[in-house]
Amino acid sequence: MGKKKGKEKAVSSNSVKAREENQQAVVRATLDKEKKTTTPSVVKIKLSEHEALKNFEKGKRKNCVQIWIKKKTLEYEKELRKLQIELLKMQNYIKAKGMRVVMLFEGRDAAGKGGTIKRITEHLNPRGARVVALEKPSDREKTQWYFQRYVQHLPSAGEIVFFDRSWYNRAMVEPIMGFCTDEQNKRFLKDVPLFEEMLVKDGIKLFKFYFSVSKSEQLRRFQSRENHPLKQYKISPVDKMAQELWDQYTVKKFQMLSETNRTIAPWTIIRSDNKKKARLNCIKFILSNIDYEGKISAEELKPDPEIVISGIDELKYMEENLLRQDELPG
């Protein structure tokens, strides 16, 4: 009898302990649920460019929250602001002197061409700075002289024109995607140096930029665009084939540089895996090549030689590594 009562007492105490543990588990689950519903989820917010710099020295204010900004972001915004002021000086000089300036922005998809143009033109007077980003040619335009649709957008006195992709579509995209014949591609490569020589000798200041992005970085940017609701318009069927056709674009790039990099109209290569460095150094190159009034020191406008490469140096590098595609920059 004593053993039986001892067993019953043990069972009873175990069941009480189990009930207490169950109750505690229920309480913990309830608290966790309440915590999840009352604690706001972390929202990732990206500040607009210049926003951090604008509020950096304003101190604590009512109805404001404190946030952390990377030092390199502030340094970038300070540098960009300084260069954008210089761009305004340059534009005023171009207008006063009646200069005509053309800037071509070429490169692989997602290389950063549009973002750089945006930062250059952000504070320029739109009456003297135009961005030209043409759609595919119409049926009527297909029957015209190839350069005809571009000629009508060339600048008048005091104007700067930015071509977000240009007549060089016929050097890379069109032949690879089958939008032109081999004969049309070859004829273009023979004609374009003569066409650009005419422009320069007529007094047009011509810049030709090729933005070079690596294959892995291009893929990362494509994935970012697909997942970003405000950037999905940038993705097209042609873009999606860029990774598959990477090597073909490399060969066409080499051919384009070989045929069209001339002393009178040279190419400038911008390494653009780091977008911010690419933007700043592209602007520095432009400013250092126009002698406007009130320019800051040459040292402040000196481009980084690791970011800005001459067309001839790019050609030499590609010649040395043409058989090793994975060694070549985009």
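The values are calculated or read from the model by the stated rules, or taken from the named source; none is laboratory data. Only a predicted model underlies this, so the values are computations on that prediction, with no experimental measurement involved. As a convention, Cβ positions derive from the backbone with ideal geometry for all residues, glycine included, and neighbour counts pool all protein chains shown. Just the protein is used for accessible areas: all its heavy atoms, side chains included, with ligands, DNA and RNA removed. Shrake-Rupley method; radii C 1.70, N 1.55, O 1.52, S 1.80 Å.
Structural remarks
- As computed over region 151-249, the Cα convex hull volume per residue (Å³): 136 Å³
- The charge dipole of region 211-306, taken about its Cα centre with unit charges on the Cβ atoms of Lys, Arg (+1), Asp and Glu (-1) only, comes to about 340 debye.
- Size of region 48-98 from its Cα atoms: along the principal axes, largest to smallest, the extents are 49, 23, 16 Å.
- Normalised by the number of residues in region 179-330, the average gap of Cα pairs under 8 Å and 6 or more apart makes the relative contact order 30 percent.
- Residue-level accessible surface for H228, protein heavy atoms, 1.4 Å, Å²: 60 Å²
- Extension gain for N55-E122 works out to 22.2 nm (0.36 nm per residue, less the C-alpha to C-alpha distance).
- Proximal aspartates and glutamates relative to K136, as straight alpha-carbon distance under 19 Å, when same-chain residues fewer than 8 apart are discounted: E106, D109, D164, E174, D182, D239
- Exceeding the 29 Å Cα-Cα cut-off - candidates K62/K118; K78/K295; K208/K316; K97/K142; K201/K277: K62/K118; K97/K142; K201/K277
- Theoretical FRET efficiency, 1/(1+(r/R0)^6), r = Cβ-Cβ of N274 and F147, R0 41 Å, to 0.05: 0.75
- Principal axis dimensions, largest first and in whole angstrom, of region 280-330 by Cα: 48, 16, 14
- Debye-sum result for region 39-192 in log10 I(q)/I(0), which assumes one identical scatterer on each alpha carbon, at q = 0.10, 0.14, 0.18, 0.21 Å⁻¹: -0.56, -0.87, -1.13, -1.33
- Length released on extending from K70 to H228, taking residue separation times 0.36 nm less the Cα-Cα span: 54.6 nm
- Using only side-chain charges placed at the Cβ, +1 for Lys and Arg and -1 for Asp and Glu, the dipole size of region 151-246 relative to its Cα centre rounds to 320 debye.
- Heavy-atom accessible area order for W246, W68, largest first, 1.4 Å probe: W68, W246
- Computed over region 51-136, the alpha-carbon pair-distance distribution with 10 angstrom bins reads 12, 35, 29, 18, 6, 0, each value a whole percent.
- Cα centroid separation, region 105-146 to region 171-198 (Å): 18 Å
- Rounded, prolate or oblate (a/c below 1.5 giving rounded, otherwise prolate when a/b exceeds b/c) for region 223-330 by Cα gyration tensor: oblate
- Temperature 10 °C, viscosity 1.306 mPa s: under these conditions the Stokes-Einstein estimate for region 137-177, based on its Kirkwood radius over C-alpha pairs, is 135 µm² per second.
- For region 189-228, the residues whose amide N sits under 16 Å from a probe point set 7 Å from the Cα of F179 along the beta carbon direction are 189.
- Applying 1/(1 + (r/R0)^6) with r as the Cβ-Cβ distance of K97 and K62 and R0 = 35 angstrom yields a FRET efficiency of 0.10.
- Looking at region 171-330, the accessible area is 53 square angstrom per residue; that uses a 1.4 Å probe and ignores ligands, DNA and RNA.
- Once both labels are positioned 7 Å from their Cα atoms along Cα-to-Cβ, the gap between S48 and D202 label points is 3.9 nm.
- Viscosity 1.567 mPa s, temperature 4 °C, Stokes-Einstein D of region 147-200 from Kirkwood C-alpha radius, µm²/s: 105 µm²/s
- Linear extension gain, K316 paired with L154, 0.36 nm per residue minus alpha-carbon span: 55.1 nm
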